[in-house]
Amino acid sequence: MFRPVFLSALLIILSSNAQAQKDFVANYDEARISEFQLPDPLTTDAGEPVTDAKAWTQVRRPEILRDFTTEVFGRGPQPCAIRHEVVNENREAIHGKAIRREVDVFFGESDDAHSMRLLIYTPKAGQNVPAFLGLNFGGNHTVDPDPTISLTTRWVRDRKNETTKKHTATEAGRGTSASRWPVEMIIDRGYALVTIYYGDIDPDFDDGFENGIHGVFRTEMETIPPGQRWGSIAAWSYGLSRALDYLQQDASIDASRVAVIGHSRLGKTSLWAGAADERFKMVVSNNSGCGGAALSRRAIGETVGRINTSFPHWFCDNFTKYNSNENACPVDQHQLLALIAPRALYVASASEDKWADPKGEFLSAVHAGPVYRLLGTNGLGDKITAETMPAPDTPINEGKIGYHLRNGKHDLTEYDWRQYLDFADRQL
C-alpha cells in the first residue's frame with residue numbers, strides 16, 4: 001500500500017513545483033529591489049564587534065559557519081577514511097606534455113565502498129606542482145576527446161544531442177566539454193588538473209537522497225534533525241574534500257596549493273567546499289549565482305524560492321524557510337565568501353547571465369572585504385567599492401580577492417581560465 005500512496009504524493013509535489021516554476025517571473029529591475037540590510041560579518045550573535053583575528057577565528061567564523069551549515073547547505077557526516085586504486089595511466093598525454101591518470105577514490109575502506117573516479121593531468125616536466133580541482137557535469141570522458149578515458153557508467157542527465165541515452169553516457173559525448181577544460185593551457189602554465197564527474201558523488205536529481213553517498217551515509221544522517229540534513233551541494237563538497245585527502249598522498253601534486261573551482265551549481269559547491277575546508281588554498285566561483293556568490297537579499301534573477309522549487313535536493317530543507325523571505329535568513333552570501341578569508345578567492349560573472357545576478361556577485365565580494373582586511377589582506381583592493389563595479393573584460397586581480405565580468409553568457413571559457421591562472425600565479 002505504501003508505494004502507490006508515495007507515488008501519488010510525489011506526483012502532486014512535482015506538479016506543484018512545475019506550476020510554481022511556470023508562475024515565477026524574475027525581477028531584473030534594480031529599482032524594484034525591496035529594502036534590505038545585510039548581516040554584518042564582523043558583529044557576533046551577541047552584538048559584540050569583532051576587532052581582531054582571534055575573535056574572528058574563535059567566535060564569529062564558527063557562528064557564520066554554523067548558520068550556513070544548519071540553514072543553507074546542511075550538515076553532513078564526519079570525514080570518512082578513504083582508499084584508492086589507480087585505474088590506468090598514460091604517460092604521453094596532451095602531445096607528450098602530461099601524464100594522465102584515472103584514480104578511483106573510495107568512501108571507506110570496505111571492498112564494496114562507494115567510489116568516485118578522479119581524472120588527473122600532471123605536467124611531465126614537474127613534481128609537487130599546484131593544482132586545480134573541480135567537478136564536471138557530463139563525465140570525465142567529456143573533458144577531453146582521448147578515447148582511452150573511461151566512459152562513466154553512472155546516471156547522467158539526458159541531453160538531446162546523442163551524447164546520452166536513457167541517462168547513460170555514450171561515445172558521442174567524448175570531448176564535448178573540452179572548451180570548459182583547456183587542459184593543455186593549464187599544463188603549459190605548470191599546473192595539474194584534477195576533475196571528477198559530480199554524479200559519481202551524488203546524482204543530480206531529487207531521489208529522496210537514496211543514491212550516491214547520501215545512501216551510503218543514511219545511518220549517520222538519522223542522528224541529524226531532518227531540516228539540517230545535507231543536500232547535494234554539501235555532498236558534492238564532501239567529495240571534493242575527500243579528493244583533497246587523496247591528493248595529500250599523491251607525490252606529483254602539492255596538496256597545500258590546490259585551487260577548488262566550479263561553474264554554476266558547481267561554483268556554489270566550490271564556495272561551500274572552500275568555506276568548510278580550510279585546506280583549499282584558493283577558491284574559484286564561476287557564474288555561481290543564487291546560493292553561491294550572489295547576494296540572496298537582492299532577489300534579482302534566480303531567487304531562493306525559485307531555486308528551492310526547481311532543485312529541492314541542492315540545499316537542506318531548512319533553507320526553504322527563506323523562500324520569498326530572504327531577509328529572515330541569518331546569513332547572506334558575502335559571509336560565505338568571508339569564510340574563505342584570508343585565503344585567495346576569485347569570483348567571476350558574465351554580462352549576459354542576468355539570472356545569476358552579476359552585480360550581486362560583485363557586491364558580495366565587496367562586502368566580504370572587511371573580513372579580509374581584518375585578517376591583514378586587502379580583499380578586492382583599497383580603491384574598489386560598491387560603486388566601482390568593473391566594465392566587462394577588465395579584471396580586478398591584484399588583491400586577495402579577484403573579480404571579473406566577462407562579456408557573454410553563462411559558461412566557463414578560456415578567457416575565464418586565463419584570469420584564474422594569472423591569479424593563481426600570484427596566489428599559489
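Rounded to the nearest 0.05, what FRET efficiency do Lys166 and Ser310 have when you use their Cβ-Cβ distance and R0 = 22 Å?
Working from the Cβ atoms, E equals 0.45.
Multiplying the sequence separation of Ala178 and Glu222 by 0.36 nm and subtracting their Cα-Cα distance, what value in nm do you get?
Full extension from Ala178 to Glu222 adds 11.8 nm.
Using alpha-carbon pairs under 8 Å, 6+ residues apart, how would you state the relative contact order of the chain in percent?
Once normalised by length, the contact order is 16 percent.
Among (1) 31, 28, 22; (2) 48, 34, 18; (3) 43, 25, 19, only one was calculated for this model; which label is it, if the read-out is semi-axes √(5λ) of the Cα gyration tensor in Å?
Label (1) holds the value from this structure.
Let me have the relative contact order for segment 289-385, percent, based on Cα pairs under 8 Å that are six or more residues apart.
35 percent.
Relative contact order (percent) for segment 270-319, with alpha-carbon contacts under 8 angstrom and 6 or more residues of separation?
Relative CO of segment 270-319 lands at 23 percent.
Can you tell me the order of 395-402, 209-216, 416-423 when each peptide is scored by its average per-residue count of other Cβ atoms within 10 angstrom, highest first?
395-402, 416-423, 209-216
Which of the lysines could a cross-linker span from Lys166 if the Cα-Cα distance has to be under 30 Å and same-chain partners fewer than 8 positions apart are dropped?
Candidates past the 8-residue exclusion: Lys22, Lys268, Lys409.
Enumerate the calculated ³J(HN,Hα) couplings along segment 413-424 in order (Karplus 6.51 cos²θ - 1.76 cosθ + 1.60, θ = phi - 60°), each rounded to whole Hz, writing x wherever the residue is Gly or Pro.
In residue order, the calculated couplings are 10, 4, 4, 4, 4, 4, 5, 5, 5, 4, 5, 5 Hz.
Summarise the accessible area of segment 202-339 (1.4 Å probe, protein heavy atoms) by the percent that is carbon and sulfur.
So the carbon and sulfur contribution to the accessible surface is 45 percent.
Identify all lysines with a Cα-Cα distance to Lys54 below 23 Å; exclude those on the same chain that are fewer than 8 residues away in sequence.
Lys281, Lys400
Work out from phi, with θ = phi - 60° and the Karplus expression 6.51 cos²θ - 1.76 cosθ + 1.60, the ³J(HN,Hα) of each residue of segment 347-355, listed in order in whole Hz, and give x for Gly and Pro.
Along segment 347-355, the couplings run 10, 10, 10, 10, 4, 9, 8, 4, 4 Hz.
Between segment 27-75 and segment 177-200, what is the separation of their alpha carbon centroids in Å?
About 33 Å separates the Cα centre of segment 27-75 from the one of segment 177-200.
Can you give me the accessible area per residue for the chain, using a 1.4 Å probe, in Å²?
On a per-residue basis, the chain sits at 42 Å².
Using the crude model of +1 on Lys and Arg Cβ and -1 on Asp and Glu Cβ, and no other charge, please compute the dipole size for segment 122-275 relative to its Cα centre, in debye to 20.
Here segment 122-275 has a charge dipole of around 320 debye.
How much length, in nm to one decimal, is gained on full extension between Thr51 and Ala113, taken as 0.36 nm per residue of separation minus their Cα-Cα distance?
Between Thr51 and Ala113, full extension yields an extra 17.7 nm.
For segment 148-261, build the charge dipole from Cβ charges (+1 Lys, Arg; -1 Asp, Glu) around the Cα centre, then report which of Tyr246, Thr163, Phe209 sits farthest towards its positive end.
Going by the Cα projections, it comes out as Thr163.
For the full complex of protein chains and a 1.4 angstrom probe, list Met185, Met389 by accessible area with the highest value first.
I get Met389, Met185, largest accessible area first.
Using per-residue counts of other Cβ atoms within 10 Å, averaged over each peptide, order 109-116, 186-193 from highest down.
186-193, 109-116
The values are calculated or read from the model by the stated rules, or taken from the named source; none is laboratory data. Note that the coordinates shown come from a computational prediction; the quantities given were computed from them, not determined experimentally. Cβ coordinates were reconstructed from backbone atoms using ideal geometry, including for glycine residues, and neighbour counts include every protein chain displayed. Heavy atoms of the whole protein, side chains included, go into the accessibility calculation; ligands, DNA and RNA do not. Shrake-Rupley method; radii C 1.70, N 1.55, O 1.52, S 1.80 Å.
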